[in-house]
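K.L.:
I have a structure here, written as structure tokens, and I will follow up with some questions on it.
Laboratory data are not the source of any read-out in this text; all were calculated from the coordinates shown. None of these values were measured; they are calculated from a predicted model. Using ideal geometry, Cβ is built from the backbone for each residue, glycine included, and neighbour counts are taken over all protein chains shown.
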Amino acid sequence: LPFTYTFTELSVSLLARARRTTFAGTPNMEFRKFDLEATPEPELHGRYHLVISSNCVHATRDLRRSLQHIRQLLRPHDGCVALVELTQKLAWYDLVWGLLDGWWLFDDGRDYALQSPWAWERAMRDSGFAHVDWSECASRESRSVRVVCGFTNSSPEKHQQLKAPST
């Protein structure tokens, strides 16, 4: 299936490095400086089927505003965001990540950077996502890192299945 993958980063030096090393020669790649805390440019509204983020959104000043910006990027009727986020307080996180300014950047009423899946669900619904779900398993590790998905459509399971050969 034809696609374009847009790699985004706030830091232009990290963006250039990704273009030069990690994704060098990769077809269908677009690179764009993107600030999750700023309102997305109008030409990006409704452009993406899927937004994937790994441990970024919790490190913003205002969780709901950042999620609203992601929601603006997604297609209105079949968009999805998949956030890989730490969801459990562990002391060693503060020992490692707590030394970075971004860990304590939040200014939106949260009392801690990390949020439970239920808090993510509330924030995502407040930000315009119609359906929210997250990964869950019996293992201890699965409680501390989750994939939290927000859908622009309230019934993602009702979408027509993609007709593509299995891989």
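K.L.:
Only Lys, Arg, Asp and Glu count, each charged at its Cβ (+1, +1, -1, -1), so figure out the dipole size of region 1-95 about its Cα centre, rounded to 20 debye.
P.N.:
Using only the charged Cβ atoms, the result is roughly 100 debye.
K.L.:
For n ≥ 4 DSSP H runs only, could you compute -39500 (n - 2.57) per run for the chain, divide by its residues and tell me the 222 nm figure to the nearest 500?
P.N.:
-6500 deg cm²/dmol
K.L.:
Starting from the Cα-Cα distance between Arg75 and Val12, subtract it from 0.36 nm times their residue separation and give me the gain in nm to one decimal.
P.N.:
Taking 0.36 nm per residue and subtracting the Cα distance, the gain is 20.0 nm.
K.L.:
Apply the a/c threshold of 1.5 to the C-alpha gyration tensor of region 27-126 and tell me whether it is rounded, prolate or oblate.
P.N.:
Prolate is the answer for region 27-126, as a/c is 1.5 or above and a/b outweighs b/c.
K.L.:
Remind me, relative contact order of region 19-105 in percent, using alpha carbon pairs under 8 angstrom and six or more residues apart? Walk me through the intermediate numbers first.
P.N.:
Numbers: 87 pairs, mean separation 26.9, N = 87.
Once divided by the residue count of region 19-105, the mean separation gives 31 percent.
K.L.:
Extent of the chain along each principal axis, from alpha carbon coordinates, in Å, largest to smallest?
P.N.:
The Cα atoms of the chain stretch 45, 40, 34 Å along the principal axes, largest first.
K.L.:
Next question, about the same structure. Report, in debye and to the nearest 20, how large the dipole of the chain comes out about its Cα centre when Lys and Arg carry +1 and Asp and Glu carry -1 on their Cβ.
P.N.:
380 debye
K.L.:
Shape verdict for region 87-136, please, from the Cα gyration tensor: rounded (a/c under 1.5), prolate (a/b greater than b/c) or oblate.
P.N.:
Numbers: a/c = 3.16, a/b = 1.70, b/c = 1.86.
Oblate is the answer for region 87-136, as a/c is 1.5 or above yet b/c matches or exceeds a/b.
K.L.:
Over the chain, with a Gaussian network built from C-alpha contacts below 10 Å, which listed residue (Arg71, Arg47, Arg61) shows the highest mean-square fluctuation?
P.N.:
The residue that fluctuates most here is Arg47.
K.L.:
Can you give the Rg to Rh ratio for region 60-115, taking only C-alpha atoms and Rh from Kirkwood?
P.N.:
1.05
K.L.:
Give me the extension gain from His49 to Trp118: residue separation times 0.36 nm, minus the current Cα-Cα distance, reported in nm with one decimal.
P.N.:
Stretched out fully, the His49 to Trp118 stretch lengthens by 22.4 nm.
K.L.:
Over the chain, what is the relative contact order in whole percent, taking alpha-carbon pairs under 8 Å and six or more residues apart?
P.N.:
RCO, the chain: 21 percent.
K.L.:
Something else now. Using 0.36 nm times the number of residues separating Asp94 and Thr39, minus their current alpha carbon distance, what extension gain do you get?
P.N.:
16.8 nm
K.L.:
With the convex hull built on the Cα atoms of region 108-153, state its orientation-averaged projected area in nm².
P.N.:
On the way: hull surface 14.4 nm².
If I average the Cα hull's projected area over directions, I get 3.6 nm².
K.L.:
So, R0 is 25 Å and r is the distance between the beta-carbons of Phe31 and Ala82; what FRET efficiency does that work out to, to 0.05?
P.N.:
Numbers: r = 20 Å, r/R0 = 0.81.
Working from the Cβ atoms, E equals 0.80.
K.L.:
May I ask for the equivalent-ellipsoid semi-axes of region 1-66, computed as the square root of five times each C-alpha gyration tensor eigenvalue and listed largest first in whole Å?
P.N.:
22, 16, 11
K.L.:
I would also like to ask the following. May I ask which residue of Val84, Tyr48, Leu105 lies farthest towards the positive end of the charge dipole of the chain, with charges of +1 (Lys, Arg) and -1 (Asp, Glu) on Cβ and the Cα centre as origin?
P.N.:
Checked the options; the winner is Tyr48.
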